[in-house]
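**Q** Following this message is one structure expressed as structure tokens.
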Amino acid sequence: MTTKRSLDIQVKRIYDSPAPDDGSRVLIDRLWPRGVSKERAGLDAWEKELAPSDELRRWYGHDPDHYDEFAARYRQELAEPARAAELDRLRALARAGRLTLLTATKDLPHGHVRVLTDVLTSS
């Protein structure tokens, strides 16, 4: 009988300073955040292909009134076979230790990383 190790995932803004307990730091934005150098970001990876498509990102425009529809459409994008391997890689990082998902989004409760975290932890 195998037991699943729970996933240790936290979400932070890329503008927050790296912390010793961040574990693996992965940026999940399609566009590089303004004003952040690669050195200051302290990233282990940049998974821009897991961010919402440009079309979906532009449609949403971070309007909380559209969040539920955005989340449903983003889940459909994440279900595409091409993204499955990337999702599995993030799950493996989270099983091995803490995974910090980073974004420039100001409104974290209505951001794409919330949806991504739900998808990662529900599988």
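What follows draws every value from the coordinates through simple rules; no lab data is involved. Note that the coordinates shown come from a computational prediction; the quantities given were computed from them, not determined experimentally. Cβ: placed from backbone, ideal geometry, glycine included. Neighbour counts: every protein chain shown.
**Q** Quick check: the distance between the Cα centres of segment 64-82 and segment 1-61, to the nearest angstrom?
**A** Cα centroid to Cα centroid, the span is 17 Å.
**Q** Work out how much length residue 17 to residue 48 would gain on full extension: take 0.36 nm times their residue separation and subtract the Cα-Cα distance, in nm to one decimal. Mind dumping the intermediate values first?
**A** Values: separation 31, 0.36 × 31 = 11.16 nm, distance 2.04 nm.
Taking residue 17 through residue 48 to full extension adds about 9.1 nm, to one decimal.
**Q** Here is a follow-up. If you take the alpha carbon radius of gyration of segment 9-114 and divide it by 2.2 N^0.38 Å, what ratio comes out, to two decimals? Before the final figure, lay out each step's value.
**A** Details: Rg = 13.5 Å, N = 106, 2.2 N^0.38 = 12.9 Å.
Its radius of gyration relative to the 2.2 N^0.38 Å reference: 1.05.
**Q** What's the lysine pair count for the chain at a Cα cut-off below 23 Å, pairs eight or more apart or interchain? Could the numbers behind the result be given before it?
**A** Working: 12/38; 12/48; 12/106; 38/48; 38/106; 48/106.
Taking the Cα cut-off of 23 Å, the pair count is 6.
**Q** Got a sec to turn the phi values of segment 31-40 into Karplus ³J(HN,Hα) couplings, 6.51 cos²θ - 1.76 cosθ + 1.60 with θ = phi - 60°, whole Hz, x for Gly and Pro?
**A** For segment 31-40, the Karplus curve yields 9, 5, x, 5, x, 10, 7, 4, 5, 5 Hz.
**Q** Using a Förster distance of 22 Å, how high is the FRET efficiency between residue 37 and residue 62, based on the Cβ-Cβ distance and rounded to 0.05? Walk me through the numbers before you get to the answer.
**A** Details: r = 24 Å, r/R0 = 1.11.
For R0 = 22 Å, the calculated efficiency reads 0.35.
**Q** Which value, in debye to the nearest 20, describes the size of the charge dipole of the chain about its Cα centre when Lys and Arg Cβ atoms bear +1, Asp and Glu Cβ atoms bear -1, and nothing else is charged? Numbers along the way, then the final one.
**A** Numbers: 21 positive and 21 negative charges, 74 e Å.
So the dipole magnitude of the chain works out to roughly 360 debye.
**Q** Sequence-distant or interchain residues sharing an amide H contact under 5 Å with residue 9, placed H: which?
**A** Residues meeting the criterion, in which the H sits 1.01 Å from N, are 99.
**Q** Can you pull the one-decimal nm distance between simple spin-label points at residue 10 and residue 75, each 7 Å off the Cα toward Cβ?
**A** So the two model labels end up 2.7 nm from each other.
**Q** Would you mind calculating the relative contact order of segment 9-114 from Cα pairs under 8 angstrom and at least 6 residues apart, reporting the percent as a whole number?
**A** Working: 137 pairs, mean separation 48.9, N = 106.
Over segment 9-114, the number comes to 46 percent.
**Q** Calculate the spin-label point distance for residue 106 paired with residue 82, positioning each point 7 Å from the Cα along the beta-carbon direction, and give it in nanometres.
**A** Once both label points are built, they end up 3.2 nm from each other.
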